[in-house]
Each structure stands twice: as structure tokens, then as C-alpha cells.
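J.: Input: one structure, supplied below.
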Amino acid sequence: MPILAEIRSTLLLAFRYLPLLLISFVGFLAIGLGNTALFILFIGHAIAVPAFTELMHIGTNGNYTLMAMNDVSQLVPNMPSSGDSYTTAANVVPGYWMAHISFFFGYLIMNASEILTAKTDLSIIKNTASKASLDLKIQARKQKAGVLIASLVFFYILISITRYYATGTENIVGMVAAAFLIPVGVGWYKLAEVCGATNSDIFGIAMQMMSVDTAKDKPKACVYTGKP
């Protein structure tokens with residue numbers, strides 16, 4: 001039982017700190033791998049999400065937007081001292097916790113969608129065997145991207161429902177408002193494309209667009225331009 005209780009406590013803490021864990025992990029990978037898309041995603045969490053959330057809070061200070069402040073409701077939890085209690089309220093239209101989650105999933109869903117719909121010109125390959133091999137890779141890439149999109153949507157809905165029912169720190173208006181950060185994440189990915197992150201291989205799927213004839217080309221996931 002102590003082991004199960006410890007596992008339960010660890011899972012609850014992980015869920016409470018989920019946005020911070022995701023942002024930190026994205027930042028670490030962006031620096032370690034030199035991935036443009038991940039770096040721009042990290043910048044989005046640091047700048048775009050707080051800015052958009054604050055703008056949405058302007059003019060929405062009615063009672064229906066507020067929820068009792070407690071440790072779970074904060075993006076950065078801060079446990080009160082013994083005997084202390086929270087007496088203030090937080091604006092949850094949207095809450096920062098759900099805003100970061102929505103932005104994160106919006107960005108990843110758009111990345112997977114771009115990989116799913118990416119076009120590959122088979123006519124430029126003269127070798128029949130290479131063309132057949134590439135066609136199989138394209139089908140595998142599309143299937144994996146499709147499953148990934150469905151999984152991302154499922155986990156976003158699951159996390160949202162869990163947050164709403166398990167914490168008591170969100171309301172329906174706030175959850176709907178947080179969903180508007182999904183298109184913000186989509187738009188931020190489009191900005192990443194403008195910055196040179198086209199078809200960035202965040203999930204390790206885009207590499208399947210490479211054929212035998214183009215195997216010597218530099219991978220699209222990497223921002224380094226030096227010769228191997």
C-alpha cells in the first residue's frame with residue numbers, strides 16, 4: 001500500500017506541474033537537438049501564451065470568471081503554511097494552466113497535420129524499386145501521422161476533463177476560453193514555418209518522406225547546415 005500511495009502521489013504531482021514539465025522538456029530538447037520548431041514552441045509558451053491569456057482576461061472580471069484560489073489552481077503551485085488559507089480568487093477565463101495545455105496541443109496537432117498532408121512527387125524518381133519503396137514509406141508516414149493526431153485530440157480531451165472534474169478550479173466558460181488557445185498554437189506553428197521550420201520532424205515521422213535516391217540529403221528536422 002505505501003508503494004501504491006507513493007505512485008498515486010507522484011502522478012498527482014506530475015499532473016499538477018504538467019504545463020511546467022512540458023515547457024521545460026520542450027526547452028531542453030530545443031537546445032539539445034537544435035530543433036527550430038521546438039525552440040519556437042518554447043518561445044511561444046514563454047511569450048505568446050501569457051500575452052494572449054492576459055488579453056483575454058481584460059474586461060472579464062465578473063464573478064462568473066473567478067474561482068477560489070488554491071494550490072492546485074496555480075500554474076506554479078505554492079503550498080500555504082500550516083493554518084493559512086487562500087482568500088483571493090483567480091480569473092479562469094482562461095486559466096493559465098489550461099491555456100498552456102491548449103497552446104501546446106494546438107501546436108503539435110498542426111505539426112502532425114502538416115506531416116500528414118505533405119506532398120511527395122514520385123515522378124522525380126526514375127528507379128521503379130525506389131519509387132515503390134518510397135510509396136510504402138509515404139503510406140506509413142500518413143498512417144502514423146493520422147494515429148498521432150487522433151491520440152493528441154484524445155489526450156487533450158482527457159486532460160481537460162480530468163482538470164475540470166478532479167481539481168474543481170475550472171468552470172465551463174474558462175474551459176471553452178482555453179480552447180481558443182488551440183488556434184493560437186496553430187498560428188504559432190505557421191509562424192515557425194515562416195522562420196524555416198517547415199515539416200520539422202518533432203515526432204520522427206517526417207524522415208519517412210525521404211527516398212533511397214535522396215537518402216544523402218540533410219534531414220529537415222535539423223537546423224545545422226554543416227556537412228556530415
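The values are calculated or read from the model by the stated rules, or taken from the named source; none is laboratory data. Model, not experiment: these values are computed from the prediction. Every residue, glycine among them, receives a Cβ derived from its backbone with ideal geometry; neighbour counts consider all protein chains shown.
This table checks each residue for (1) part of a helix (DSSP H, G or I); (2) in contact with a Ser or Thr (Cβ under 9 Å, 6 or more places away or on another chain).
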{"position": "A145", "(1), (2)": "yes, yes"}
{"position": "L152", "(1), (2)": "yes, no"}
{"position": "A166", "(1), (2)": "yes, no"}
{"position": "T169", "(1), (2)": "no, yes"}
{"position": "A178", "(1), (2)": "yes, yes"}
{"position": "I182", "(1), (2)": "yes, yes"}
{"position": "G187", "(1), (2)": "yes, no"}
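J.: Go through segment 1-25 and report how many residues are within 20 Å of F155 (Cβ to Cβ) and either touching a residue at least 40 places away in the same chain (Cβ under 8 Å) or not in a helix (DSSP H, G or I) (or both).
T.: Of the residues in segment 1-25, 8 are within 20 Å of F155 (Cβ to Cβ) and either touching a residue at least 40 places away in the same chain (Cβ under 8 Å) or not in a helix (DSSP H, G or I) (or both).
J.: Additional query: For segment 149-173, name all the residues that are closer than 14 Å to P19 by Cβ and among the β-branched types (V, I, T).
T.: Within segment 149-173, I159, T162, T167, T169 meet the criteria.
Rundown of residues vs (1) acidic (D, E); (2) closer than 26 Å to A51 by Cβ; (3) at pLDDT 90 or above, yes/no style:
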site: K131; (1), (2), (3): no, no, no
site: L152; (1), (2), (3): no, yes, yes
site: Y156; (1), (2), (3): no, yes, yes
site: R163; (1), (2), (3): no, yes, no
site: T169; (1), (2), (3): no, yes, no
site: G174; (1), (2), (3): no, yes, no
site: I182; (1), (2), (3): no, yes, yes
site: V186; (1), (2), (3): no, yes, yes
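J.: Cβ-Cβ below 9 Å, separation at least six or inter-chain, first residue in segment 45-65 and over 10 Å from H100 (Cα atoms) and surrounded by 11 or more Cβ atoms within 10 Å (Cβ to Cβ), second among the hydroxyl-bearing types (S, T, Y) and modelled with pLDDT under 80: which pairs?
T.: What qualifies is H57/T65.
J.: Spot the failing condition for T120; the list is (1) assigned to a helix (DSSP H, G or I); (2) at pLDDT below 90; (3) touching a helix residue (DSSP H, G or I) at 6+ places or on another chain (Cβ under 8 Å); (4) over 23 Å from L20 (Cβ atoms), and only one is missed.
T.: Against the list (1) assigned to a helix (DSSP H, G or I); (2) at pLDDT below 90; (3) touching a helix residue (DSSP H, G or I) at 6+ places or on another chain (Cβ under 8 Å); (4) over 23 Å from L20 (Cβ atoms), T120 comes up short only on (1).
J.: A follow-up question, please. For segment 36-43, check the following and say yes or no: at least one residue is within 17 Å of the chain's Cα centre (by Cα), at pLDDT below 85 and outside any loop (DSSP other than H, G, I, E, B).
T.: The answer is yes, given that some residue of segment 36-43 is within 17 Å of the chain's Cα centre (by Cα), at pLDDT below 85 and outside any loop (DSSP other than H, G, I, E, B).
J.: Restricting the first residue to segment 149-168 and requiring it to be within 13 Å of G106 (Cα to Cα), which pairs with a second residue that is surrounded by 12 or more Cβ atoms within 10 Å (Cβ to Cβ) and among the hydroxyl-bearing types (S, T, Y) meet a Cβ separation below 7 Å and a spacing of at least six or different chains?
T.: Final answer for the pair search is I149/S113.
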